[in-house]
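Bear in mind that the values in this text are calculations on the coordinates, not laboratory data. Just so we're clear, the structure is a prediction, and the values are computed from it rather than from any experiment. Here the Cβ positions follow ideal geometry from the backbone for every residue, glycine too, while neighbour counts run over all protein chains shown.
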Amino acid sequence: MKTSEILKAGKALIEKPENWMKSTMARNSNGEPVYSANCETAVSWCSAGALRKASPYDTCTQEYKKAVSKLQYACEGGIITFNDTYNHSEIMEAWDKAIQLAEAEND
């Protein structure tokens, strides 16, 4: 899976505002935090959680690390801080920027 594909999959998870959240990696349908972003009961994610959920294998792949790097750049350094500071439309703009960066490198 290419870096741009991981980023697109992560963005798709939180594209609807009701599936995006702040303060924790993931929450279940009751709004309770869940242990892992990859937990089957998760229905909403922060940007970092969505990126983890979108990674097909684990967080050790080069593609995942590149996706993190692109999203960090688009978020001006800190994915979690950016996610918890800005609104949903601004978060989506950052994801779009990260995707464009990855596509520009054909990655």
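Structure notes:
- Just one of the listed residues (Ala102, Ala98) is crowded, with 22+ Cβ neighbours inside 10 Å and over 12 Å from Lys11 (Cα atoms), and it is Ala102.
- Among (1) in contact (Cβ under 8 Å) with a residue 24 or more places away in the chain; (2) surrounded by 21 or more Cβ atoms within 10 Å (Cβ to Cβ) - the single one Ala42 does not satisfy: (1)
- Residue, farthest from Ile91 (Cα to Cα), within segment 10-30, restricted to residues that are free of Cβ contacts under 8 Å to residues at least 24 places away in the same chain and basic (Lys, Arg): Arg27
- Matching option when the condition is surrounded by fewer than 14 Cβ atoms within 10 Å (Cβ to Cβ), among the charged types (D, E, K, R) and not in a loop (DSSP other than H, G, I, E, B), among Glu18, Glu76: Glu18
- Candidates in segment 58-73 are the residues that are within 24 Å of Cys39 (Cβ to Cβ) and among the charged types (D, E, K, R); of these, the one that is surrounded by the fewest Cβ atoms within 10 Å (Cβ to Cβ) is Asp58.
- Residue count for segment 74-107, restricted to those that are closer than 15 Å to Trp45 by Cα and in contact (Cβ under 8 Å) with a residue 60 or more places away in the chain: 6.
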